[in-house]
Each structure stands twice: as C-alpha cells, then as structure tokens.
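The values are calculated or read from the model by the stated rules, or taken from the named source; none is laboratory data. Note that this is a predicted model, so its numbers are computed, not measured. Here the Cβ positions follow ideal geometry from the backbone for every residue, glycine too, while neighbour counts run over all protein chains shown. What goes into the accessible areas is simple: the full protein's heavy atoms, side chains included, and nothing from ligands, DNA or RNA. Shrake-Rupley method; radii C 1.70, N 1.55, O 1.52, S 1.80 Å.
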Amino acid sequence: MNLEKSHKRYLKKFPWMDRLRGGWAIYKQNLLGKIGLSLLVMFALMAICSFIPPLIDPMYQPMTGVDPEITKSTGPSLRHWLGTDFMGRDLLSQLLAGTRVAFLVGVSAAFMSIVLGTAIGMVAGYMGRFVDTFLMRLADMIMVMPTMLVVLMLAALFGQLTIWTIVLIIALFRWPGVSRVIRAQTLSLKHRPFIEAARVAGASHTRIIFRHIMPNVLPLSFLYMTFRVTSAIIIEAALAFLGFGDPSTVSWGMMLQWVWKTGHMFKAPYWLLPPGICISLITLAFYMLGRAMDEVLDPRLRKEAGTE
Amino acid sequence: MALLEVLNLSIGYHTQKGYLHAVEDVSFSLEEGKSLGFVGESGCGKTTLGMALMRLLPPNGVIREGRMLFDGGDLLQKSDEEMREIRWQKIAMIFQAAMNALNPVHRVHEQIAEAILTHNASIDKKEAFEQVEELFQLVGIPKDRMRDYPHQYSGGMKQRAIIAMALACKPRLIIADEPTTALDVIVQDQILKEIMNLQKEFGISMIFISHDISIVADVCHDIGIMYAGKLVEHGSREEVFSNPAHPYTKALLSSYPTLTGEKGQLMPIPGETPNLIHPPSGCRFHDRCPGAKAACKTGEAVWVETSPRHKTLCYQCGADCGE
Amino acid sequence: MKMNNDRETIIELEHIVKKYTSRGFFFGTRGNEIIALNKISIKILKGEIFGLVGESGSGKTTAGRLIVRLEKPEEGRIYLNGREMAGLKGKALKNFHRKVQMIFQDPYQSLNPQLSVFDTISEPLVIHKIGNTEDREDAVWQTMKSVGLSPPDDFVNRYPHQLSGGQRQRVAIARAMVLNPDFVVADEPTSMLDASISAQIFNILIEMREKFQVTLLFITHSLSAARYLCDRIAVIYKGNMMELGSADQVIQKPRHPYTKALIDALPKFGLSGKVKHYNTLLPVEREASEHEGCPFFARCRVANKAKCSLERPLLKETDDSHWVACFYAENGTEKGF
Ligand SMILES: Nc1ncnc2c1ncn2[C@@H]1O[C@H](COP(=O)(O)OP(=O)(O)OP(=O)(O)O)[C@@H](O)[C@H]1O
Ligand SMILES: Nc1ncnc2c1ncn2[C@@H]1O[C@H](COP(=O)(O)OP(=O)(O)O)[C@@H](O)[C@H]1O
Ligand code: SF4
Ligand code: SF4
Ligand SMILES: [Mg+2]
Ligand SMILES: [Mg+2]
C-alpha cells in the first residue's frame with residue numbers, strides 16, 4: 001500500500017489532448033478542410049489588421065475618416081489601395097473593419113444559438129413527455145417564422161438595431177434546427193447501456209445530462225455551429241444591405257448597401273467586388289470547415305486514427 | 001486428388017497505419033466430401049482466408065503470395081468472369097452475420113429465388129421457385145412459412161434460409177463463416193446437425209470457420225488452429241483434441257468450460273492477441289506461450305509432424321513444449 | 001462448497017411479474033403484451049454466485065434490470081437484505097446504489113466513448129462523493145489491478161476505442177467493483193467475447209467474490225459457463241422458473257425436460273456418440289395454448305397431453321433444495337424417461 005502511494009502515477013491531466021491531436025491528423029488529410037482553414041486564418045488576419053489603418057492616419061477611420069482631397073468615389077491608388085467610396089472614405093479600412101464585424105456577428109450569434117439549441121435539445125430529449133412536447137412545439141413555431149421578416153419588423157418598430165441586438169435576434173431564432181438534431185441524438189443516447197450504467201451507479205439526472213450526454217452531443221453541436229456561422233453572417237449582411245444595420249459599425253453588407261444606394265453598382269467594381277467576394281469566401285470557408293469536421297467526427301475514421 | 005489445395009497463402013490489408021499481415025504462409029488441403037474447421041480468436045484471419053478463397057477481399061486487401069488450387073485450377077489465375085461462375089456454382093459461402101443481411105422489404109423465398117436466377121441463367125422464374133421450395137424443405141423451413149418476410153423469421157430460420165441459398169447451386173465446396181454465432185444453444189445445435197446432414201447427403205466439402213472450438217469439434221473431420229494469421233496446428237479431429245500438440249491449442253482447450261468431466265480450473269491465455277501490423281518476431285505466440293524459450297523469439301517456427309495426419313508449427317515441439 | 005453455514009439471504013425476488021407492452025402499429029393501439037417474467041421467486045444467498053440460465057428472450061436480463069432498479073415490476077416485491085426496495089428514497093436510495101451494481105452484456109456499448117478509463121472507473125466514487133482526489137486514484141489503481149488491467153498506468157488515459165473487447169469488459173467490471181458493492185448483476189458478461197477471453201473474465205469474477213465477498217448474479221445462456229462459475233443455478237424458460245438447484249444437481253442430475261434439452265444441445269467436443277442423450281426436445285413444435293398448461297409443453301417430447309396442456313406445473317422440491325416445475329420430474333412419464 002505504501003509502496004503504492006510513493007509510486008509516481010501517469011495520470012494525464014488532459015487525456016483528451018491526445019484525441020484532439022488524432023482529430024487534427026484526420027483533419028489535415030482533408031483538402032477542403034485545409035482550404036477552409038487557410039481562408040479563415042486569412043480573414044482572422046484581416047480582422048486583426050483592421051486596427052492598423054486608423055492608427056496611421058485618422059482619414060483611414062472606416063466610418064468617419066474622410067480623405068479631404070477626394071469628394072467622389074475613386075479607384076485604387078497608392079493612397080487608397082482599394083479606392084474610396086462616394087464620400088472619400090477608404091475602402092480597404094472599411095473592408096477590414098467589416099471582417100471584424102462578420103466574425104463578431106457570425107461567431108457570437110452562432111455560439112449563442114448553439115448553446116441554446118444544445119441545452120434545449122438535451123433537456124427535451126432526456127426528460128421526454130410533456131417537457132419534450134412543449135419545447136418541440138415551441139421549436140416548430142419559431143422554425144416556421146421567417147427570421148428575416150421578424151427582424152425587419154422589429155427594425156421597423158424600434159428603428160436602427162445595434163449589432164448586439166442583431167446577434168441576439170439571430171441566436172433566438174436559430175436554435176430550433178440545432179435543438180431538433182441534438183434531441184434526436186439524445187434520444188438515441190438515452191437508452192445506451194453506458195447511460196444505464198451511470199443510473200445504476202446512482203447518478204442524478206443533471207449529472208447524466210452534463211457528464212454523459214453532453215460530451216457525446218457536443219461534437220455534433222460544434223459541427224452545427226460552423227454551419228450556423230455561415231447563416232448568421234448572411235443574415236447580418238442582408239439586414240445591413242437593406243439598411244437596418246448598426247450605423248456605428250461598418251459591415252460588408254453596409255458597404256454593399258452604399259454601392260447600391262449611391263448608384264455605383266455597375267460603375268465601381270473596385271467597390272462592389274471586395275465585400276461581395278469576402279462574404280462568399282467567408283461563408284464558404286466556414287462551410288468547408290464544417291465538412292471537414294464532419295469527417296473528423298465520423299466514428300469509423302476516428303477509430304482508425306485513435307487505436308495504437 | 002484433393003478438391004482444394006492451398007499453398008503458402010499470404011494475405012494482407014493496406015491500412016492507414018501500414019501493411020497488416022492478416023494471413024501468412026498458410027497451406028492446407030481438403031478432400032472431396034470432407035470438412036475442415038478453422039478455429040482461432042477473433043482477428044486471427046479466419047474470415048480473411050474464407051473471403052480470399054471466394055476472391056471477395058475488400059479493395060484494400062491483397063493476396064500477396066501463394067496458390068489456391070481448386071479442382072486442379074488455380075483460383076488466383078481465373079479471370080473475374082470465370083470467378084463469377086465458380087462462386088455459388090462451385091464454391092458457396094455462408095457469410096458471417098449473413099442472416100442479418102436479408103432484405104427486410106422482400107419475402108424470403110423471393111430473395112432466394114432471385115439469387116438462384118442471377119447465378120443460373122439456364123432456368124426460368126417458375127423453376128427457380130420450385131427449387132426454392134425443395135431447398136426450404138431440405139433445410140427444414142415449413143412450406144407455409146416460405147412467403148414470410150425476414151422479420152417474421154426467428155434467427156434460426158433466417159440462418160436456415162441462408163444455408164438454403166448456399167445450397168441452391170449444389171456447390172462442391174461450402175465455406176461457412178461463423179454460421180451459428182449469435183444463435184441460442186438449442187437452435188445452434190439444430191443448425192449444426194442440419195449442416196452436417198446436408199454435407200453428408202450431398203457429399204459437399206466444407207470449410208467451417210468459428211471462434212468456438214467446441215462447435216468445430218462436433219462438425220469437422222479435420223481441424224486447423226489459427227493464431228495471429230498463421231496456421232499453427234492441423235490434423236484430424238481426434239488427433240487434435242485427444243492429443244493437442246501446439247501450446248496455443250492446449251491453451252485454447254483448457255480455457256473452455258465443459259459440462260462433462262472434472263470441473264477443473266480454467267486456464268485463460270494470458271495477454272492479448274498481437275498487433276498484425278508489426279507481428280511478433282519468431283513464433284507469433286512467444287509472448288503468451290507458457291513454454292517459450294529464448295530461441296522462440298528469434299528462430300522461425302517449423303512444421304513438426306507428430307503423426308501422419310497431424311502436424312504443428314512450433315519451434316521446439318516434438319520435444320514436449322509448453323509444459 | 002465454501003458457503004457460509006448461516007446462509008443469509010441478500011436479494012429476494014418474490015412472485016415477480018414483469019410485462020412489456022409493445023406499441024401497436026397505429027397510434028393509441030396497444031400491441032401485444034409480453035410477459036417477460038411470470039411469478040418468479042428467487043432467494044440469493046450472501047456470498048454465492050447464482051446462475052440464471054435460459055435462451056434469449058427468456059427474461060434473464062429483465063430479472064437483472066429489476067434488481068438494479070432499471071425497471072419496475074408489475075407485481076411482486078424485491079428485497080435487499082430483508083428490506084423492500086420499491087419505496088426507497090433519498091439517502092436510502094443512494095445507499096442502495098452503492099451496494100448494488102451491474103455489469104452489462106455488451107462492453108462496446110456500456111462504456112461512455114467520451115470518458116477515459118480513469119474517468120469511467122472513478123465515476124461511481126465521484127457520484128457518491130467518496131474520498132478526495134488522491135483516495136480515488138488509489139481506489140481506481142487498486143481495482144484496476146485486481147481486474148487485471150495492469151499496469152494501470154498503461155490504461156488510465158485510454159479511451160474505450162483504444163481497448164480490446166476483453167479490456168473493455170474489465171473496465172466495466174472495475175467500475176462495478178470500485179464501490180465495493182455487496183451485490184453485482186453480471187449480464188452475460190462474455191457473450192460478446194471470444195472463448196479464450198471469456199475464461200479470463202470468469203476467473204476475474206471468481207476472484208472478485210473471494211476478494212470482496214461480493215454476491216453475484218451471473219446471467220448466461222451457457223450451462224457450461226454456469227457450471228464453472230456458479231454455486232446454484234436457476235433455469236428459466238419464457239419467464240417461468242423451470243428448475244432450481246445446486247450447480248451439480250442441475251447439471252449432473254437434471255430433472256426438467258427443458259434443462260435436459262439445453263444439456264443435449266451443448267457441443268460435446270466431438271464426443272456426441274459417446275455421451276448420454278436425454279432426448280426431451282420435440283424436433284417440431286406442437287400446437288399449444290400460450291396461456292394454459294406447461295410453458296414448455298409445445299416443445300416437450302415427454303409431455304402427457306391430457307395433463308400438461310391444461311395444467312401449469314408448480315415448482316416442487318424433488319430432493320434436497322432441488323426444485324423443478326414439471327409433473328413428471330420425479331418418476332418420468334408413462335413413456336418412461
Ligand atoms: N477491410 C479490412 N481492412 C483492414 N484490416 C482488416 C480488414 N478486414 C480485416 N482486417 C484485419 O485482418 C485481421 C483478420 O481479420 P478477420 O476478419 O479475418 O478475423 P476473424 O478471425 O474472422 O475475426 P472475427 O472472429 O472477429 O470475425 C484482423 O487483424 C483485422 O483487423
Ligand atoms: N423494453 C422492452 N420492450 C418490449 N419487450 C421487451 C423489452 N425488453 C425485453 N422485452 C421482451 O421480454 C422478454 C425477455 O427479455 P430479456 O429479459 O431481454 O431476455 P434475455 O435477457 O433472456 O435475452 C423478451 O420476449 C423480450 O423481447
Ligand atoms: S515456438 Fe516456442 S513460443 Fe511458439 S508455440 Fe512453440 S514453444 Fe511456444
Ligand atoms: S410438465 Fe409436462 S410438458 Fe411440462 S416439462 Fe413436464 S412433462 Fe413436459
Ligand atoms: Mg470473422
Ligand atoms: Mg439478455
């Protein structure tokens with residue numbers, strides 16, 4: 001016994017790190033995943049760089065900085081690499097600031113809706129009976145409401161929405177899809193022998209949900225999160241394009257709105273194309289990330305890579 | 001001449017982690033009308049061997065070496081076209097867990113008739129159904145249950161239907177891969193008797209694969225014991241059971257609880273089955289063998305004949321090893 | 001064998017009836033009612049390994065699940081140490097979960113794929129708030145060694161998919177044993193494993209009994225495994241108790257035609273010709289009512305049609321603590337078996 005105690009144990013604090021490494025090994029082999037990840041790294045760099053231009057010169061403030069020498073939209077030049085908009089604001093700084101907003105909106109809205117959806121799905125699936133019925137009816141009701149329309153109505157009611165309100169609305173309206181998937185997963189887990197083993201050991205419902213069900217549905221939630229990011233970015237862009245964006249921040253959708261409103265749609269490709277391409281690319285990147293994650297989470301593949 | 005003669009067969013799989021040596025240097029022969037049983041722990045290459053004989057290995061499987069002489073011709077030299085004719089017509093297989101592969105939306109007898117029709121172009125639909133009726137009678141499925149759907153069958157009946165399917169073309173060789181695993185004892189007993197009777201009645205040769213040594217003991221004339229991709233002992237049933245030579249066979253036999261005789265202590269085989277991507281050097285059993293000597297780790301095990309119909313692959317057998 | 005003389009009962013099932021209703025094809029319709037257990041009474045004595053033997057669907061698992069409270073009986077009572085289980089609440093219930101554990105049939109399904117071996121085995125300790133981190137580590141290490149997962153260092157950080165079937169079942173046994181329970185239900189713990197690995201698991205279970213004085217309900221479909229492990233054996237068929245007695249009585253001198261059929265069906269290691277056959281099984285089932293008469297009547301070769309098809313035989317003691325539910329257990333039928 002004493003010998004036993006003095007023996008140094010090889011209990012890893014974070015054994016799941018190994019699995020992460022195994023997952024990364026699979027991910028690395030996926031071409032789509034690599035492209036997606038590279039794109040995301042690029043956008044992340046852009047978002048970080050968005051702080052630089054205003055430091056160089058106040059005229060590079062994306063929203064308020066105006067080049068005093070320019071009064072109309074101009075094409076790319078040394079001074080303005082991507083050109084300026086109708087008021088002489090720098091397009092590159094706007095594009096970079098837009099990246100930041102896209103990440104902020106996309107990731108936080110997706111994160112919130114996933115947290116909501118996962119929690120509700122697990123509770124509905126695990127508790128069953130009327131809790132399940134009630135939550136799923138609610139989900140159905142929200143699911144049939146077109147998010148866009150609701151947001152537009154709210155915007156019409158309350159005037160301009162701040163970026164955080166938009167995030168919140170997207171989160172509140174986008175959980176039902178996730179919760180349905182998580183509920184189905186929970187239902188299939190609920191009667192698995194390992195859950196029953198926990199019940200035999202005397203585990204409480206909360207413990208079973210958080211300790212045994214949650215780790216098994218989280219990978220799926222995470223997968224859905226990557227797809228949700230895509231839809232959140234698109235919703236925000238669409239809102240901004242329709243003129244309901246947060247007026248204190250520049251987003252890509254807003255840039256597009258300005259092109260449209262000032263009649264530069266067909267005259268200034270240097271203005272129209274960058275935000276358009278960025279929106280397509282970032283949504284594509286998250287989509288590719290999701291696809292690759294899908295493969296990482298595939299238990300058959302995981303087994304191959306995991307066994308010694 | 002033997003109906004089937006397998007010489008120095010080596011089979012492997014290409015996997016992400018490297019080449020897996022699933023079957024290595026296996027040779028045996030099977031006479032017309034006889035049955036040969038392969039026993040070994042799961043993962044020792046039994047299914048792989050059976051699939052290779054049917055030339056139905058998955059795409060990442062390769063037959064690296066060896067010959068499989070069936071009825072005088074080498075199966076490995078046959079074209080895909082020729083092989084398709086041999087399958088079912090001459091060699092039929094009862095796949096592991098095949099009974100769960102019956103299509104739930106079609107009636108059982110239709111599925112069997114379908115199989116007959118695809119492998120035998122010379123008969124028409126009506127004849128095929130007549131044949132099915134005969135076959136079902138043969139394997140003991142009552143006539144009035146013929147038109148049922150698979151889910152209406154019990155496990156034993158499904159397995160009977162699968163056996164009927166294998167018999168459909170009156171093959172000369174049947175390869176049965178764990179045909180009774182997952183069945184209850186009583187049903188298992190009935191199916192085994194059925195298989196034995198049919199085999200005797202039609203003089204079909206059979207290769208019977210199982211992880212359960214007691215079943216093979218009841219069914220087969222000859223027994224081959226496999227360990228980690230190698231055939232380690234081969235001989236007549238009586239010889240192998242009354243006079244096991246290889247330490248692994250002895251270990252297998254003493255790890256199996258029996259109903260009769262002394263209720264002794266079971267002696268499980270210590271350790272785990274080896275990794276076949278990097279198989280152990282020398283004798284593959286050396287790290288679990290109670291009688292292993294230093295030489296077993298390095299030297300190549302050799303075939304020792306303990307009697308004319310009984311041989312074993314062991315470095316030091318003959319001198320009584322494993323004691 | 002090494003049984004205590006006082007023979008205290010630890011678990012008692014009393015007239016247990018368990019029914020399942022399969023859901024009907026349409027909404028609201030009730031499907032068939034399946035009687036999984038029909039008035040079963042069993043007393044399991046402290047320290048013994050009690051074997052429950054039967055074909056699949058005979059109700060073995062159901063009995064085990066009732067004992068660990070994963071299921072509730074429709075009728076009858078279950079007692080642990082003389083105390084009825086049905087009404088347990090709060091602390092008493094928690095205490096119950098400490099004392100009664102289960103090992104499940106399929107080790108590929110009974111371990112949480114997302115928990116490491118250490119987390120899995122220490123889980124019951126955490127649930128019952130036993131010891132501090134270090135005590136728990138000690139307990140896990142000790143238990144792992146006693147189930148043959150050694151050195152534990154090699155295994156604690158692994159996940160189920162990195163273990164073989166036999167190793168997984170050892171982890172499952174360790175999880176059941178770590179709380180030092182009084183009673184463990186082992187539901188066909190080796191049916192998914194190879195014969196050679198099964199023997200390892202059997203020996204571990206026997207060691208557990210010696211080491212921890214635990215009582216085991218060993219559920220199996222194999223009489224030879226039951227013979228090796230168990231002190232007493234109960235044979236059940238379609239939820240009915242058929243025969244109950246010491247392992248030697250049931251296997252050496254079986255009295256029920258069904259038990260005899262089970263023994264006949266076991267592989268004989270190529271000795272079929274030399275072994276005595278009881279021959280009590282009809283090759284083709286005969287027509288029989290589901291609800292009347294002896295449950296085994298449809299397949300029983302030695303049945304007396306006039307009696308067996310109408311009346312249900314009761315469990316009767318034939319000789320010393322050897323119970324059989326057959327009219328002709330003692331002297332055979334007129335056909336003379
Ligand atoms: N498609 C495959 N790809 C890679 N490896 C394989 C494949 N099929 C089998 N193997 C490996 O080949 C070896 C032999 O497998 P095989 O299925 O023949 O064993 P077995 O003795 O029939 O086992 P079991 O009783 O579990 O079916 C094992 O190590 C197995 O993991
Ligand atoms: N959850 C369930 N719903 C409906 N029927 C069930 C359920 N569980 C078991 N049964 C039925 O109860 C009977 C006994 O089952 P079980 O105890 O699992 O048998 P065994 O363990 O001996 O295989 C079987 O007929 C089975 O189909
Ligand atoms: S060669 Fe050596 S290790 Fe292998 S079986 Fe024979 S005695 Fe054992
Ligand atoms: S009571 Fe009759 S039918 Fe039942 S087992 Fe005995 S002899 Fe057979
Ligand atoms: Mg196999
Ligand atoms: Mg069961």
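Checked against (1) small (Gly, Ala, Ser); (2) surrounded by fewer than 19 Cβ atoms within 10 Å (Cβ to Cβ); (3) under 17 Å from A:Gly253 (Cβ atoms), A:Ala119 passes all but a single condition, namely (3). Among the residues of the range B:174-228, the ones that are among the small types (Gly, Ala, Ser), away from every other protein chain (no Cβ under 12 Å) and either away from ligand 1 (no atom under 15 Å from the Cβ) or surrounded by fewer than 20 Cβ atoms within 10 Å (Cβ to Cβ) (or both) come to 2 in all. Filtering the range B:61-83 for residues that are within 16 Å of ligand 5 (Cβ to nearest atom), free of Cβ contacts under 8 Å to residues at least 40 places away in the same chain and within 26 Å of B:Gly229 (Cβ to Cβ) leaves an empty set.
The sole residue among C:Ser196, C:Ser191 that is more than 16 Å from ligand 6 (Cβ to nearest atom) and either touching a residue at least 60 places away in the same chain (Cβ under 8 Å) or polar (S, T, N, Q) (or both) is C:Ser196. In this structure, is B:Lys250 crowded, with 19+ Cβ neighbours inside 10 Å, away from ligand 5 (no atom under 16 Å from the Cβ) and in a strand (DSSP E or B)? No. Restricted to the range C:230-250, and to residues there that are within 24 Å of C:Leu193 (Cβ to Cβ) and surrounded by fewer than 24 Cβ atoms within 10 Å (Cβ to Cβ), the residue that is nearest to ligand 1 (Cβ to nearest atom) is C:Ala247.
Scanning the range C:260-272 finds no residues that are modelled with pLDDT of 90 or more, polar (S, T, N, Q) and surrounded by fewer than 24 Cβ atoms within 10 Å (Cβ to Cβ).
To keep it simple, each residue is scored yes or no on (1) of a type in the set (Phe, Trp, Tyr); (2) without any contact (Cβ under 8 Å) to a residue 24 or more places away in the chain; (3) facing another protein chain (nearest Cβ under 9 Å); (4) within 30 Å of C:Pro257 (Cα to Cα).
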| residue | (1), (2), (3), (4) |
| --- | --- |
| C:Gly59 | no, no, no, yes |
| C:Pro73 | no, no, no, yes |
| C:Ile78 | no, no, no, yes |
| C:Asn81 | no, no, no, no |
| C:Phe96 | yes, no, yes, no |
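Residue pairs whose Cβ atoms lie under 6 Å apart, sitting 6 or more positions apart in sequence or on different chains, and linking a residue in the range A:3-28 that is within 30 Å of A:Arg291 (Cα to Cα) to a partner that is of a type outside the set (Phe, Trp, Tyr) and at pLDDT below 75, are A:Gly22/A:Ala305; A:Gly22/A:Gly306; A:Ala25/A:Ala305; A:Ile26/A:Leu301; A:Ile26/A:Ala305. For residues in the range C:287-305 being touching a Ser or Thr at 6+ places or on another chain (Cβ under 8 Å) and among the aliphatic types (A, V, I, L, M), which is surrounded by the most Cβ atoms within 10 Å (Cβ to Cβ)? That would be C:Ala303.
Please verify whether A:Arg183 is open to solvent by 60 Å² or more (accessible area, probe 1.4 Å) and modelled with pLDDT of 90 or more, treating the condition exactly as stated. Taking the combined requirement at face value, the residue does not satisfy it.
For the range B:14-28, the count of residues that are within 14 Å of chain C (Cβ to nearest Cβ) and within 16 Å of ligand 1 (Cβ to nearest atom) is nonzero. The set of residues from the range B:140-180 being in contact (Cβ under 8 Å) with a residue 40 or more places away in the chain and acidic (Asp, Glu) comprises B:Asp148, B:Asp177, B:Glu178. Of everything listed in (1) open to solvent by 20 Å² or more (accessible area, probe 1.4 Å); (2) within 12 Å of another protein chain (Cβ to nearest Cβ), the single unmet condition for C:Phe212 is (2).
In the range C:290-306, the residues that are within 14 Å of chain B (Cβ to nearest Cβ) and within 18 Å of C:Ala36 (Cα to Cα) form Cβ pairs under 6 Å with partners that are outside any loop (DSSP other than H, G, I, E, B) and more than 16 Å from ligand 5 (Cβ to nearest atom), at six or more places apart or across chains, as follows: C:Phe296/C:Tyr237; C:Phe296/C:Tyr258.
Go through the residues of the range A:8-27 one by one and say whether even a single one is open to solvent by 20 Å² or more (accessible area, probe 1.4 Å), in contact with a helix residue (DSSP H, G or I) (Cβ under 9 Å, 6 or more places away or on another chain), part of a helix (DSSP H, G or I) and away from chain C (no Cβ under 14 Å). For the range A:8-27, residues open to solvent by 20 Å² or more (accessible area, probe 1.4 Å), in contact with a helix residue (DSSP H, G or I) (Cβ under 9 Å, 6 or more places away or on another chain), part of a helix (DSSP H, G or I) and away from chain C (no Cβ under 14 Å): present. Applying the criterion of being polar (S, T, N, Q) and in contact with a strand residue (DSSP E or B) (Cβ under 9 Å, 6 or more places away or on another chain) to the residues of the range C:76-130, the residue that is surrounded by the most Cβ atoms within 10 Å (Cβ to Cβ) is C:Gln101. Residues in the range C:140-172 that are surrounded by fewer than 23 Cβ atoms within 10 Å (Cβ to Cβ) and of a type in the set (S, T, N, Q) were compared, and the one that is modelled with the lowest pLDDT is C:Ser150. Across the range A:186-197, the qualifying residues are those that are more than 7 Å from chain C (Cβ to nearest Cβ) and over 28 Å from the mean Cα position of the chain (by Cα), and the one among them that is surrounded by the most Cβ atoms within 10 Å (Cβ to Cβ) is A:Ile195. For the range B:16-56, filtering for residues that are of a type in the set (Ser, Thr, Tyr) and either open to solvent by less than 40 Å² (accessible area, probe 1.4 Å) or closer than 21 Å to B:Glu85 by Cα (or both) leaves 3. Figure legend. Inter-residue proximity from the range C:99-112: first residues more than 7 Å from chain A (Cβ to nearest Cβ) and more than 16 Å from A:Ile208 (Cβ to Cβ), second residues part of a strand (DSSP E or B) and of a type in the set (Asp, Glu), beta-carbon distance below 8 Å, spacing 6+ or different chains. Indicated pairs: C:Ile103/C:Asp187; C:Gln105/C:Asp187. A single member of B:Glu233, B:Glu238 is touching a residue at least 60 places away in the same chain (Cβ under 8 Å) and away from ligand 6 (no atom under 16 Å from the Cβ), and it is B:Glu233. Answer yes or no as to whether B:Glu32 is in a loop (DSSP other than H, G, I, E, B), touching a helix residue (DSSP H, G or I) at 6+ places or on another chain (Cβ under 6 Å) and of a type outside the set (Val, Ile, Thr). Considered against the rule, which asks whether it is in a loop (DSSP other than H, G, I, E, B), touching a helix residue (DSSP H, G or I) at 6+ places or on another chain (Cβ under 6 Å) and of a type outside the set (Val, Ile, Thr), B:Glu32 comes out as no. Criterion applied to B:Ile91, B:Ile63 was being touching a helix residue (DSSP H, G or I) at 6+ places or on another chain (Cβ under 9 Å), buried (at least 21 other Cβ atoms within 10 Å of the Cβ) and among the β-branched types (Val, Ile, Thr), and the one residue passing it is B:Ile91.
Filtering the range A:126-134 for residues that are under 30 Å from A:Met254 (Cβ atoms), open to solvent by 80 Å² or more (accessible area, probe 1.4 Å) and away from every other protein chain (no Cβ under 14 Å) leaves an empty set.
Applying the criterion of being buried (at least 23 other Cβ atoms within 10 Å of the Cβ) and away from ligand 1 (no atom under 14 Å from the Cβ) to the residues of the range C:184-199, the residue that is nearest to the other protein chains (Cβ to nearest Cβ) is C:Ala199.
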